[in-house]
Amino acid sequence: MDDLYAVIGIAPSSTAEAIETKIKEQARLWNKRVNSPDINKRHEAENMIRLLDQARATLLDEAKRAEYDRELAADQSRRLPEQAAPTAGINWLDRAETALARNDYSSAAYAARQARELQGESAPVWAALYRSNLGLGNFQDALYEARQTLQYDPDDPDVHLDLGFINENLGDQPAALAAYQDAARHPDRSAQGQIGSAVVLAQMTRHDEALPILENLYSTAPPELDRNVTGDYLAEVLILSAEAVPANRDGDEYYITSSMEVAAMAPRSTRALEVAHDPEVRERARYLDNYVRSVQQKRFWPGFPVKNTVLAVIVFFLASSCSSLSESAGLITFFALVGCGLYIWYQVSSRYKYQWEINAITLRMNQNGY
């Protein structure tokens, strides 16, 4: 049976929250590889996405996880040490490719090492090695082996794409961006290289550079890309770029406090909701869009001026009563009515505020210790 913990690269003792985070990280990365023009890599990515879905359904359900852990322990205890097999006449590179196709990265790594030792170094051998270590999560080894692959075949755009993927996992965004841009220069891999570049630019908070790339890919819909996946990447970058606008922040929370922030965020939140396809991405886009819309609503703050309005009405009636003793009663009543009306208008209008204005006032009060 598949070791789902090994698939997502996490210890069996990890919490459900850590597992969920790791699954999301892996899904974001492997989704890009589903669009690979290389059928073997595409099948590998599709299998990995299937296993990640299985891990999500199994490991995030407490009862299912407990049952799976028991079955996994029993399966591992039944396994016997593998006997050494004769190596004569075996095409180890073919074996490595076969193992990669079924996401058996440990077997693929062994076969690839045998191929290097017995069949010599070559671009396909180094490629099998780095792909095996990539699947095992050994990104530093995969980085070296991918670079060795390029020594033998420097123009292979698929290796440049994978090199970008590896550097993403290592957190080296500048190197990942350079690799994706190298891949994008190849006509047959331009779209994949561009989407990889855009995602890395977003990771570097260079949203204004990433968005035009993704908008173009979404509108032109090149056949080698899944338009729904492209839309999800576009939506995620739109969300990130919108959430980066507010100046007032408290950890992960932010507060919209000006009309300029609303003007910058509203088109992005609306567009994100238009292009998002994945339910989770759509939910994030909807949450953002609802928040941006909510701060554009007006309400009375700190409440309708009931006391002031009643006071103004009382003053008006007192003035009217007193004016009856004067020869200028009509004029006094008129000015009293105008004055009280203006006072009520001022009290009402000054309290009828946009929610973003209320946010700004509340934050200033908190900062001043009120």
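Taken together, the values in this text are just the output of simple stated rules run on the coordinates, not laboratory data. Bear in mind the structure is a predicted one, so any value in this text is a computation, not a measurement. Note that each Cβ is placed from the backbone with ideal geometry, even for glycine, and that neighbours are counted across all protein chains shown.
Data for the structure
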| quantity | calculated |
| --- | --- |
| Estimated dipole of the chain in Debye, rounded to 20 [Cβ of Lys and Arg +1, of Asp and Glu -1, Cα centre] | 1600 debye |
| In order through segment 253-267: 3J(HN,Hα) via Karplus (6.51 cos²θ - 1.76 cosθ + 1.60), integer Hz, x for Gly, Pro | 8, 9, 9, 7, 10, 7, 5, 5, 5, 4, 4, 7, 8, 4, x |
| Charge dipole magnitude, Cβ of K and R +1, D and E -1 - segment 225-296, Cα centre, debye nearest 20 | 280 debye |
| Segment 110-228, Rg to Rh (Cα coordinates; Rh as Kirkwood inverse mean 1/r) | 1.03 |
| Unit charges at the beta carbon, dipole of segment 1-132: most positive-side option, MET48, ALA123, ALA73 | ALA123 |
| Projected label distance in nm at ARG364 and GLU280, using a 7 Å step from Cα toward the beta-carbon | 4.1 nm |
| Among ILE90, ILE239, ILE213, residue whose mean-square fluctuation peaks in a GNM of the chain (springs only between Cα atoms under 10 Å) | ILE90 |
| Options VAL199, ALA247, HIS277, ranked by Cα towards positive dipole end of segment 197-314, top entry (Cβ charges) | ALA247 |
| Cα-Cα P(r), segment 225-296, percent of pairs per 5 Å interval | 3, 19, 29, 23, 15, 8, 3, 1 |
| Extreme residue, positive dipole direction of the chain, given options SER259, TYR110, GLN140 (C-beta unit charges) | SER259 |
| Virtual spin-label span in nm between LEU136 and LEU342, 7 Å along Cα→Cβ | 8.4 nm |
| Acute angle (nearest 10 degrees) that the helix 157-170 long axis makes with the longest principal axis of the chain, alpha-carbon atoms | 60 degrees |
| nm² value of the averaged projected area, convex hull over the Cα atoms of the chain | 27.4 nm² |
| Ordering of 135-144, 349-358 by packing [mean C-beta count within 10 Å, highest first] | 135-144, 349-358 |
| Cα-based Rg / Dmax (Å) for segment 170-291 | 15.0, 46 |
| Nearest-ten-degree value, helix 92-101 long axis tilted from longest Cα axis of the chain | 30 degrees |
| Rounded to 10°, Cα long-axis angle of helix 227-243 versus longest principal axis of the chain | 50 degrees |
| Length added when fully stretched, GLU62-GLN297, from 0.36 nm per residue minus Cα-Cα | 80.4 nm |
| FRET efficiency, 1/(1 + (r/R0)^6) with R0 22 Å, evaluated for ARG113 and SER77 via beta carbons | 0.20 |
